[in-house]
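Heads up: the structure comes next, in structure tokens.
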Amino acid sequence: MAKHIELETVLRGEEARAFNEYVKAPEQCFTSESRTLFREARQLSKTWPKQ
């Protein structure tokens, strides 16, 4: 039987810092749809199995 392939994006170091700055920037304009997607991604990341 084939093994399930898990895909994920991991940000470390400068990439993680830059992404966090981008998200926290007060001038960011998020649509209600993008906010919903961020919330869903956050919830999924909490339940995703750690390796």
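Does LEU11 meet the test of being assigned to a loop (DSSP other than H, G, I, E, B), surrounded by 10 or more Cβ atoms within 10 Å (Cβ to Cβ) and of a type outside the set (Ser, Thr, Tyr)?
In short, yes.
Between residues in the stretch 31-48 that are open to solvent by 100 Å² or more (accessible area, probe 1.4 Å) and residues that are not in a helix (DSSP H, G or I), which pairs lie under 8 Å by C-beta distance while being six or more apart or on different chains?
Correct list of pairs: TRP48/GLU8.
For the stretch 20-29, indicate whether the set of residues that are open to solvent by 80 Å² or more (accessible area, probe 1.4 Å), aromatic (Phe, Trp, Tyr) and touching an Asp or Glu at 6+ places or on another chain (Cβ under 9 Å) is non-empty.
No, there is no match, as no residue in the stretch 20-29 is open to solvent by 80 Å² or more (accessible area, probe 1.4 Å), aromatic (Phe, Trp, Tyr) and touching an Asp or Glu at 6+ places or on another chain (Cβ under 9 Å).
The values are calculated or read from the model by the stated rules, or taken from the named source; none is laboratory data. On a predicted model such as this, the values are computed, not experimentally measured, just so you know. All Cβ positions, glycine included, derive from the backbone under ideal geometry; neighbour counts span all protein chains shown. Quick note on the areas: whole protein, heavy atoms, side chains included, nothing else; ligands and nucleic acids left out. Shrake-Rupley method; radii C 1.70, N 1.55, O 1.52, S 1.80 Å.
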